[in-house]
Structure formats: C-alpha cells, structure tokens
Amino acid sequence: MSGRINRRGMIGLAAAATLAAHPASAAPKGQPNILWLVSEDNNPFVGAYGNRLAHTPTIDALARKGVLYRNVYSNAPVCAPSRFAILTGIYPESCAPANQMRATAKLPPDFRTYPELMRAAGYFCTNASKTDYNCDVDPAKIWDVQGAEGHWRKRPAGKPFMAVFNYETTHESQLFKPTPGRVTPQMVAVPPYLPDTPRIRQDFASYNNLMENMDGQLAARLAELEADGLADDTIVFHYSDNGGTLPRSKRYCYDEGLRCELVIHVPPKWRHLMPAKPGSVIDSPVSFIDLAPTLLSIAGVAQPGQMRGRPLLGKRVGAPQRWAFGMRNRMDERIDFSRTVTDGRWRYIRNYMPHRPWGQHQAYEWQAQGYQDWETAYRAGTLNAVQRRFFEPKPFEELYDLRGDPHQIANRAGDPAGARMLKSMRGALGAHL
C-alpha cells in the first residue's frame, strides 16, 4: 500500500486513495442499517481529538473501533444553512436564500433529498426530530417517520433502516446558564483572543460538561441498538451540525465556527465498505457536503449530478480532496458576507463587507454571558489589540497557519512568506465560486 500509516493509524492522501481503490472482495448480501447520532453546535471537544478536559468515552470508543476524520467542517458556521447542505448535498450559497440564517429557499423540483433517495433504495427512514432545513421541503413527506416517534423500531420486519437522532444538549442556548460538572472554570485555558473573565471561564467549563452529558446520551442510544441485536448490522455516524458556540465560534468563518467532529464506526460484517482499517485517523479535509453522497454510496444508489461532495465510504469512495469550503451571509438580524476555504493546515477567508465588524451585536447570540463580558470589556477599554479586533472592521482577506497559529490571530495575508499559499487559496476559492 502506498502512503504511510503510523502507529496511531494516521492515514494520508495517497494511502486513503489506495485503500479506496482496493476494498475487500467478500461482501455480504443485503444492505447495512445506518444510524446517525447528530449533536449541535460543537467543535471536537472530544478526548479522541486530543481534548484533555473532555470526558467522552462513548465517542472515543467509536473512534477506536472506527474511522476518525481529523479535519472535518460544516459548510456554514450555523445550523440552518449547514443542515440544508446535509439534507440536499448542495452548497447553500448555490441555492439562495438557503445561505441566509434563517430563510426559506426553494429547492428545485427535480432535486431529491437524501431520505427520499434512500427510501427509493428500500430503506425505512426516520428523523427524531429536528429539521431546520432552511428550504421549502416538507419534512413529513420525505421521512417515513418524522418527529419524536422516529425510531428504527417503527420499521417493517426485515427492512433496512436509516435513523437520525438529533441531540440539542450542546446547543448554544444551553450556555445561557451555567452547567456544573466534572470541569470547573479554574481548569480551562482561555484563548488569547478573549478576555479572561469569570463568566467566559464558566462558558468553557459548561461547554465541556455539556459534551460529557451528550456523550452519555449517545451511549444510551447505542445500548438500545445492542439490546435490539442490531449492532452487527449497523454503520454508526456521529457528527455535530456545525462548529462550537463559545465566543467567536458559531456564525464566524474561523475553525471554531466550522470545524466539527466526525467518527464513523463500521461493524466487521461491513468492513469492506470502510476507507481505512479500524482505528485510523484520516487527515484529508472533508465537509458535510460529503454526507449525502456517502449514504448513497453505502446503499448502492447513483449520486445525482447536483450533489457536489464525494463519498467517504461505501461502494464508491471518492478520491481524497484538498479543500473544504465554507461561508456566511446574514446571521439572524445582522448582514455580512464572507467565504472561506481550508486544507486543514491553512485557512483563507475573504470578507466582502470588510466595513462591518465581526462582533455585530445580535439579540440571540448576546444572551450568552461570555459575549456580554467581551463587549463590556471592549467598552471599558480594557482589551488588548488582539481581543478588541473582534469589534473593529475586518480586512478584506485573512490567511492563517493553523499549525503554528491555531487560534487564528496572526493574519498572514500580507506576509511575503505566505504569498504562495495565499495565491493558491485565492485560486481555489475563485474556482469554487
């Protein structure tokens, strides 16, 4: 096999392509079940991703037995546009106003959502229960069961299922009050772009505790699957619908707004569908535009032309890609316009409304006490230059070396040392647009 896998199972681009081209020859009959465990508004504050404060044994176990995607991104840093991309396999900015938060886009009548395509392939499809699809699709018409009663146990005997369970435990709104638990404010490290205040520390501690609570809910669902005797026939996905909800994350085109977790566990019977061996970590960037094509690949369904992603596993695995794209436009009542691209090592952001500051006051977002503290410190004049930048006009272009500057503070767009990468990422974003 070409490429290199180290002792932790890291797999690079060449290795992933080779594994994709040579799946195991023996394939069982029938179709596997598919279970999606979807959390909300969280970055990979997960032990398997290296977070030392996290207590996420369920997700960590899935990663040890499955495949962890190191650099995975939502296509928008907020739920409704991101969920549009997941449902349709279409970039929200290419089907306006699906790119706005929140709106009702008109899905072209010839296009079909992934649950419709999976049902046509013989799957019983349920969703429990969040939709927020940002378009005129009627959820009741695309799912066999939509709502709180959605469960694989509703399916006819012998029929494969595709079941989605959404967990709001980590949603932004849960930070509007403290969540006590294993992690305390004294234990957290505050990023340098934020002031170190008691309420910001509490937000970070609460976030870690909410992640632990969510992990326990996933454990309960997987126990149901095991009790029903279905674990050996079910491929399990866990991912979050967009990036985190701490200050300067959700709604913003930084890694904190777009980077998510994605772990996929495939039982031994269906291991021929995997892109790499169990316990592997895939570094090449992926985004949620790839989720619908992945489902269709597992089910053996042809991918419609409007779906722009590539299958991550299944019967047709796409070649590793170099770029993952993201965007933002209106967020609630505030207008803005940014586009971004990353390769997992660098992030380039183009701000089409540089006169607008990042930190436009938004009624919903500002219910979080961390944002209140940040603005209070800004108005009091106690912030340093890095911390007050959030409330100032933006540059037209931003370029960050994520390896050397994970908090995305030092803009390299005007640095001659970053000129080659700036040119490359400008070109990639231009071609994407």
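The values are calculated or read from the model by the stated rules, or taken from the named source; none is laboratory data. In this text the structure is predicted, and so the values were computed from the model without any measurement. Positions of Cβ are generated from backbone atoms using ideal geometry, with glycine treated the same way; all protein chains shown enter the neighbour counts. Accessible surface areas use protein heavy atoms only, side chains included; no ligands, DNA or RNA. Shrake-Rupley method; radii C 1.70, N 1.55, O 1.52, S 1.80 Å.
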Original post:
Which distance in nm do the two modelled labels at residue 302 and residue 29 give, with both placed 7 Å along the Cα-to-Cβ direction?
Top reply: 2.6
Original post:
Which whole-number percent is the relative contact order of the range 124-244 (Cα, under 8 Å, 6+ apart)?
Top reply: 20
**OP:** Report the extension gain between residue 138 and residue 110 in nm, rounded to one decimal, defined as 0.36 nm multiplied by the number of residues separating them, less their alpha carbon distance.
**Re:** 8.6 nm
**OP:** Report the full-extension gain for the segment residue 366 to residue 321: residue separation times 0.36 nm, less the Cα-Cα distance, to one decimal in nm.
**Re:** 12.5 nm
Original post:
Okay, which of the range 391-405 sit inside 15 Å, backbone N to the point 7 Å along the Cα-Cβ direction of residue 353?
Top reply: 392-396
**OP:** Return one whole number: the accessible area per residue of the chain in Å², for a 1.4 Å probe.
**Re:** 39
Subject >> Non-local Lys pairs in the range 70-217, i.e. 8 or more apart or on different chains, that have alpha carbons under 30 Å apart >> reply: 8
Subject >> Charge dipole (debye, nearest 20) of the chain; +1 at Cβ of Lys and Arg, -1 at Cβ of Asp and Glu >> reply: 1160
Original post:
Which of the peptides 45-52, 155-162, 305-312, 66-73 is most tightly packed, and how do the rest follow, judged by the mean count of other Cβ atoms within 10 Å per residue?
Top reply: 66-73, 305-312, 45-52, 155-162
**OP:** Keeping all protein chains in position, work out how much accessible area residue 114 exposes to a 1.4 Å probe, and write it in Å² to the nearest 10.
**Re:** 10
Original post:
With the contact rule set at Cα under 8 Å and sequence spacing of 6 or more, what percent relative contact order holds for the chain?
Top reply: 23
**OP:** Give me the net charge of residue 187's neighbourhood, meaning all other residues with Cβ under 12 Å from the Cβ of residue 187; Lys, Arg count +1, Asp, Glu -1.
**Re:** +3
**OP:** Please work out the Cα convex hull volume for the range 312-380 and give it in Å³ per residue.
**Re:** 164
Original post:
To the nearest 20 debye, what charge dipole does the range 257-385 have about its Cα centre, counting +1 at the Cβ of each Lys and Arg and -1 at the Cβ of each Asp and Glu?
Top reply: 700
Original post:
Can you give the charge dipole size of the range 255-325 about its Cα centre, rounded to the nearest 20 debye, using +1 on the beta carbon of Lys and Arg and -1 on the beta carbon of Asp and Glu?
Top reply: 420
Original post:
By the scheme Lys and Arg +1, Asp and Glu -1, what is the net charge of all other residues having a beta-carbon under 10 Å from that of residue 123?
Top reply: +2
Original post:
In percent, what relative contact order does the range 146-208 have, based on Cα pairs under 8 Å that are 6 or more apart in sequence?
Top reply: 31
Original post:
Between 272, 237, 207, whose Cα lies farthest towards the positive end of the dipole of the range 189-279 when Lys and Arg beta carbons carry +1 and Asp and Glu beta carbons carry -1, centred on the Cα centre?
Top reply: 207
Subject >> Heavy-atom accessible surface of the chain: percent carbon and sulfur, 1.4 Å >> reply: 52
Subject >> Per principal axis, descending, Cα span of the range 274-323 in whole Å >> reply: 30, 23, 15
Subject >> Options 367, 314, 338, ranked by Cα towards positive dipole end of the range 288-406, top entry (Cβ charges) >> reply: 314
Subject >> Environment charge of residue 225, counting only residues whose C-beta is closer than 11 Å and scoring Lys/Arg +1, Asp/Glu -1 >> reply: -3
Subject >> Cβ-derived FRET efficiency at R0 22 Å, residue 407 paired with residue 283, nearest 0.05 >> reply: 0.60
Original post:
Based on the Kirkwood radius over alpha-carbon pairs, what is the Stokes-Einstein translational diffusion coefficient of the range 27-148 at 37 °C with 0.692 mPa s viscosity, in µm²/s?
Top reply: 200
Subject >> Directionally averaged shadow of the chain, computed from the convex hull of its alpha-carbon atoms, nm² >> reply: 20.3
Original post:
Expressed in nm to one decimal, what extension gain is obtained for the pair residue 376 and residue 423 from 0.36 nm per residue of sequence separation less their Cα-Cα distance?
Top reply: 13.1 nm
